[in-house]
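Remarks on the structure that follows.
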Amino acid sequence: MPKQQRKKHIPSGNKQFSKNRRKKQRNRIFIIAAAVIILAAVGLFLFFRFQTFSEYKVLSRLELSNTDEQTKLFKYNGGFVRSSSEGVTYFDSKGIHWAESFEMTQPLTAVSGAYFAVADMKGKDVFLYDVSGLANRITLSHNITDLEVSNQGIIAVATNEGDSNYIEVVDKEGNELVTAKSVFASSGYLMDIALSPDGSKLAAAFVYVSEGTLESKVVFYDFSNGNGGEDMVVGGFNQYKSTILASIHFMEKGKVCVVGDNAISIYDFNSTPELVYENLNLGQEIQSIFYSDKYLGMVVEDEEGETNYCLKVLDMKGKEVLSKGFDFAYNKALFAGRNVLLYSKSDCEMYSFSGVKKMELNMEDSVFAMNYCGKGTDFVLASSSDTEFIRLK
């Protein structure tokens, strides 16, 4: 008879040792794999954070030439509107949706939601457009000096005649909703207005003379009660001594940003206006102001630094998220996501909120306007020969 095979006896201690060794090996493999993934993620993060671009490729081109210093590009309904003294054009990367020609000396433009408005400085006509083209032409009684539009097509204009300033608010059919009048001798000269996206609130900056000195104030209006009387004024601030307020802008969540020659204020205007942040002594001359829904950007003279200019970005609470010196002789500045784009007719630079120079381009043609497409590294530019959609590489 064959011998019965005997099972090899393994002490229980050795069994436990083998299990522990296998467990340690699995843990070691897991730790190594996790470390590789983390290192790869960190590597990709650092790559994209510090990646720079000096070239671009053309994705598409439209035969839409630009020879006008007034040319501007606005994001609009998934595409762009190009505005100039010769007319407006709504287009995207696939082609032109509509175009209308006119002649204006100094076009004022505003875009919000599905509406785009344009008027000539000191003119009396407002042209209101939607995605289908011209929606209405509205004629006002006084000379237009500033223009705003809401998501619903409500139009607010600052107008002037002689020593009187007016704030006029009309709906998209041209029906008058509100008219507020101020006289320079008593209320001051109306410098700028800002309309909330829903068209229910407005903020205005005034400059006036007090004891021989120019001062400024901000007045807040609420039209939601449907009354155009004095009770539409819901707040006012006049702490701006020896300051000329030049720009006022609605940001998201009801925040209103006010900028003067040496002052910045941010208000919360969801109900009664309240001051959130203020600096009444910047100590640096502001060269440019630009906005997004969440950030205020400005370029100031860098008097004490090693560069000519300093780029600064503040959030809605006044916290500084970027301060970067540079020497680039730019013409215009704007936000491109969490970056700031600076460009002249021949060159472009872009800085991230981390202060990294992400782009430095020399353009092949004279650039009159440029804007960010809202994703990746795609941009649109209006040159003297055509309009191009480009991608950095």
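Quick one: 3J(HN,Hα) in Hz for segment 105-114, Karplus 6.51/-1.76/1.60 with θ = phi - 60°, rounded, Gly and Pro as x.
7, 9, x, 9, 10, 8, 9, 7, x, 8
Collect residues whose amide H, placed 1.01 Å from N in the peptide plane, falls under 5 Å from the amide H of LEU64; neighbours closer than 5 in sequence don't count.
Hits under the 5 Å cutoff: THR387.
What list of ³J(HN,Hα) values in whole Hz, one per residue of segment 327-338 in order, does the Karplus curve 6.51 cos²θ - 1.76 cosθ + 1.60 (θ = phi - 60°) give from phi, with Gly and Pro shown as x?
In residue order, the calculated couplings are 10, 4, 7, 8, 9, 9, 9, 7, 7, 10, x, 9 Hz.
Averaged per residue, what accessible area in Å² does segment 159-208 show with a 1.4 Å probe, protein chains only?
Value for segment 159-208: 40 Å² per residue.
Given a 1.4 angstrom probe, I'd like the percentage of the accessible area of the chain that is carbon and sulfur, rounded to a whole number.
Details: 9870 of 20590 Å².
Exposed carbon and sulfur together represent 48 percent of the surface.
Which residues in segment 343-377 place their backbone N less than 11 Å from a point set 7 Å from the Cα of LYS317 along the Cα-to-Cβ direction?
none
With respect to the cross-link table entries LYS94/LYS317; LYS94/LYS253; LYS317/LYS375; LYS72/LYS124; LYS294/LYS375, which display a Cα-Cα separation exceeding 28 Å? Before the final figure, lay out the partial values.
On the way: LYS94/LYS317 39 Å; LYS94/LYS253 34 Å; LYS317/LYS375 26 Å; LYS72/LYS124 21 Å; LYS294/LYS375 17 Å.
Checking Cα-Cα distances, LYS94/LYS317; LYS94/LYS253 exceed 28 Å.
At a Förster distance of 45 Å, what's the computed FRET efficiency of ASP163 paired with PHE102, Cβ-Cβ distance as r, to 0.05?
0.90
Over 22 Å between C-alpha atoms is what I'm after, so list which of LYS75/LYS217; LYS75/LYS357; LYS181/LYS255; LYS312/LYS332 land there.
Working: LYS75/LYS217 31 Å; LYS75/LYS357 24 Å; LYS181/LYS255 25 Å; LYS312/LYS332 14 Å.
Long pairs (Cα-Cα over 22 Å): LYS75/LYS217; LYS75/LYS357; LYS181/LYS255.
Using the Cα centre of segment 71-219 as origin and beta-carbon charges of +1 (Lys, Arg) and -1 (Asp, Glu), tell me which of GLY174, THR71, LEU140 is placed farthest towards the positive end of the dipole.
THR71
Test of understanding: what is the full-extension gain from THR52 to ARG137, defined as 0.36 nm times their sequence separation minus their Cα-Cα distance?
26.0 nm
For ASN262, what residues show an amide H to amide H distance below 5 Å, using hydrogens built from the backbone and excluding near sequence neighbours?
ILE244
Along Cα→Cβ, 7 Å out, is where each label goes; now give me the distance between the ones at ASP365 and LYS241 in nm to one decimal.
5.5
Rounding to the nearest 10 and keeping the result within 0 to 90°, find how far the Cα-based axis of helix 12-50 lies from the longest principal axis of the chain.
30
According to a simple spin-label model (label point 7 Å from Cα along Cα-to-Cβ), what is the distance in nm between GLU304 and SER200?
Reported label-point gap for SER200 and GLU304 is 4.5 nm.
Once you list every other residue whose beta carbon is under 14 Å from the beta carbon of GLY254, what net charge do they have if Lys and Arg are +1 and Asp and Glu are -1? Intermediate results must be reported in sequence, preceding the final value.
Values: positive: LYS201, LYS253, LYS255, LYS294, LYS317; negative: ASP198, ASP222, GLU252, ASP268, GLU274, ASP293.
Charge balance in the 14 Å sphere: -1.
Which FRET efficiency value, to the nearest 0.05, is calculated for ARG391 and LYS122 with the Förster distance at 51 angstrom and r the Cβ-Cβ distance?
The calculated FRET efficiency here is 0.80.
Evaluate E = 1/(1 + (r/R0)^6) for ILE289 and ILE32, where r is the Cβ-Cβ distance and R0 equals 45 Å; express this FRET efficiency to the nearest 0.05.
Calculated transfer efficiency: 0.30.
With charges set only on the Cβ (+1 for Lys and Arg, -1 for Asp and Glu), what does the dipole of the chain come to about its Cα centre, in debye to the nearest 20? Spell out each step's value before the answer.
On the way: 42 positive and 49 negative charges, 1152 e Å.
Computed charge dipole of the chain: roughly 5540 debye.
What does the charge count near ALA205 come to, summing +1 for each Lys or Arg and -1 for each Asp or Glu among other residues with Cβ under 9 Å from its Cβ? Walk me through the numbers on the way to the answer.
Numbers: positive: LYS217; negative: ASP192.
With Lys, Arg at +1 and Asp, Glu at -1, the neighbours total 0.
Which entry in (1) 4, 21, 30, 24, 13, 6, 2, 0; (2) 4, 19, 26, 23, 11, 4, 3, 3, 3, 2, 1, 0, 0; (3) 4, 14, 18, 19, 14, 10, 8, 6, 5, 2, 0 is this structure's computed P(r) over Cα pairs in 10 Å bins from 0, in percent?
(2)
Amide H of LYS255 versus every other amide H placed in the peptide plane: which residues, excluding those fewer than 5 positions away on the same chain, fall under 5 Å?
For LYS255, the qualifying residues are PHE269.
Using θ = phi - 60° and the Karplus curve 6.51 cos²θ - 1.76 cosθ + 1.60, what whole-Hz ³J(HN,Hα) does each residue of segment 283-295 get, with Gly and Pro shown as x?
Using θ = phi - 60°, the values come out as x, 9, 6, 7, 9, 8, 10, 8, 10, 10, 5, 10, 9 Hz.
The values are calculated or read from the model by the stated rules, or taken from the named source; none is laboratory data. Please read these numbers as outputs of a predicted model, since none were measured by experiment. Because the Cβ atoms are built from the backbone with ideal geometry, glycine has one as well, and the counts that use them run over all protein chains shown. We work out accessible area using only protein heavy atoms, side chains counted, and drop any ligands, DNA or RNA first. Shrake-Rupley method; radii C 1.70, N 1.55, O 1.52, S 1.80 Å.
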